[in-house]
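The values are calculated or read from the model by the stated rules, or taken from the named source; none is laboratory data. Remember, predicted model here, so these are calculated numbers, not experimental data. We place every Cβ from the backbone using ideal geometry, glycine too, and count neighbours over all the protein chains shown.
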Amino acid sequence: MDQQESIWIGPDKYIKWIEFDPSNEPKIEIDSRGPLYELYNIKDPLSQLWSKTETQCAVDCCGINAHRFWPEDIKKATQYLDKLTLLEQLNEVKKRLLDSNEQVVVYYRLNQLFEKSTFLALINYLLKEIERNLNLPN
């Protein structure tokens, strides 16, 4: 991915996509795709965040580029979510990333492989935006 295909977080801001060898093993698996995955996670704040930001295309088609992560989109997507639980979930994902030596991240819900620092930058950005909006009125 080049700059145009990076993760855009505003009209002139983006998280740089870092290329990686997708055949690298092992990979960090953030989520799993068991038969009941969708059913059990549908009301989960993190799953709802992904669903509510998936506005540009379908994740099955475009992966992470199906999502729009501009600050106003995150504010709108999290407006009625349990933000404290969402922050806990994102911090748990961050901890798993930091505790792992693997450099390739698999996130099935997002239909995407990431270079670890790229995904960590996205998680840190989401944490910052959600914390910034935590005490703002809806």
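Summary table below
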{"item": "Scope the stretch 102-123; condition in contact with a strand residue (DSSP E or B) (Cβ under 9 Å, 6 or more places away or on another chain) and either assigned to a loop (DSSP other than H, G, I, E, B) or over 15 Å from ASP31 (Cβ atoms) (or both); matching residues", "result": "GLU102, GLN103, GLU115, LYS116, THR118, LEU120, ALA121"}
{"item": "Long-range neighbours under 6 Å by Cβ, at least six apart or interchain, first residue within 24 Å of GLN79 (Cβ to Cβ) and part of a loop (DSSP other than H, G, I, E, B) within the stretch 34-62, second at pLDDT 85 or above and not β-branched (Val, Ile, Thr)", "result": "THR55/ARG68; GLN56/ALA66; GLN56/ARG68; CYS57/ALA66; ALA58/ALA66"}
{"item": "Hey, LEU98 in contact with a Pro (Cβ under 8 Å, 6 or more places away or on another chain), of a type outside the set (Asp, Glu) and farther than 20 Å from GLN48 by Cβ or not", "result": "no"}
{"item": "Residue within the stretch 66-85 that is out of contact with any helix residue (DSSP H, G or I) (no Cβ under 8 Å at 6 or more places or on another chain) and closer than 21 Å to TYR108 by Cα present", "result": "no"}
{"item": "Selected residue (criterion: surrounded by the most Cβ atoms within 10 Å (Cβ to Cβ)) from residues of the stretch 48-59 that are over 14 Å from LEU122 (Cα atoms) and under 13 Å from the mean Cα position of the chain (by Cα)", "result": "VAL59"}
{"item": "Of the criteria (1) farther than 21 Å from ASP12 by Cα; (2) touching a residue at least 60 places away in the same chain (Cβ under 8 Å); (3) of a type in the set (Lys, Arg), which one LYS95 fails", "result": "(2)"}
{"item": "Pick from the stretch 60-108, criterion surrounded by fewer than 19 Cβ atoms within 10 Å (Cβ to Cβ) and among the hydroxyl-bearing types (Ser, Thr, Tyr), ranking: nearest to LEU120 (Cα to Cα)", "result": "SER100"}
{"item": "Close pairs from the stretch 69-84: first of a type outside the set (A, V, I, L, M), partner part of a loop (DSSP other than H, G, I, E, B) and buried (at least 16 other Cβ atoms within 10 Å of the Cβ), Cβ under 6 Å, at least 6 apart", "result": "PHE69/ILE9"}
